[in-house]
Amino acid sequence: TTILWILGAWPMYRHDSQHTGVDTYETSLSVNNVGAMKQLWMKNVDSTSTFSMIPSVANGLVYESANEPSTYNMWAFTTDGKKMPWYASGYVSSSLGTEPAVANGNLYYAAANAINPIDASLNAATGTQNWASGLSLISPYSPSPPNVVGGSMYLGAPDGNLYSLSTSTGKVQW
């Protein structure tokens, strides 16, 4: 198996499926220039909303969710902040609080709360939903960030169990 990382990509929590937290191909930052970094752009939703998770970056897009009044939404921004290719809305009462994973052209995430748990896959380029399930269980606690390897999405759920879901269907494999 060959894994190709795009320079500057941070497709899931702690960078890769091993959660190393290191991008070995990053060569533009060093101890000599990191102090000169400047903020390039910033996005706001509205005064009653907040972006709620650690963003994932892949294929020139930044993925983030916003907790807005009565609903939770997923956003995709270009890395230069100039465009918003898509916005997926309507995840009512499911706090999108864990970091999404981007793999094989799809965005995978998990969310849970006391009303409407959801695990889902969106097309990373368009925001169109591929599948959704309620595995994350009704709980006040969020599941772990998903980890995607091959055809499986691995997820630690609030019930204390580790699950494997099919990345193509969302069905529990074990």
Inset, instruction - Compute, for Leu122, the solvent-accessible surface of its heavy atoms (probe 1.4 Å) with the complete set of protein chains present, and express it in square angstrom to the nearest 10. - result: 0 Å²
Legend entry - Neighbourhood net charge (14 Å Cβ-Cβ; Lys/Arg +1, Asp/Glu -1) for His15: -3
Inset, instruction - Just tell me which lysines come within less than 29 Å, Cα to Cα, of Lys83; anything on the same chain fewer than 8 places away is out. - result: Lys38, Lys43
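Can you tally the net charge around Glu99? Count Lys and Arg as +1, Asp and Glu as -1, for every other residue whose Cβ sits under 11 Å from the Cβ of Glu99. Mind dumping the intermediate values first?
Numbers: positive: Arg14; negative: Glu64.
Combined, the nearby Lys, Arg, Asp and Glu give 0.
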Legend entry - With DNA, RNA and ligands ignored, accessible area of Tyr163 (1.4 Å probe; Å², nearest 10): 40 Å²
Inset, instruction - Would you mind counting up the charge near Tyr163? Only other residues with Cβ under 11 Å from its Cβ, with Lys and Arg at +1 and Asp and Glu at -1. - result: -1
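The values are calculated or read from the model by the stated rules, or taken from the named source; none is laboratory data. Just so it is clear, the model here is predicted, and its values are computed rather than measured. FYI the Cβ positions are ideal-geometry reconstructions off the backbone, even for glycines, and counts take in every protein chain you see. These area figures cover heavy atoms from the full protein model, side chains too; ligands, DNA and RNA do not enter into them. Shrake-Rupley method; radii C 1.70, N 1.55, O 1.52, S 1.80 Å.
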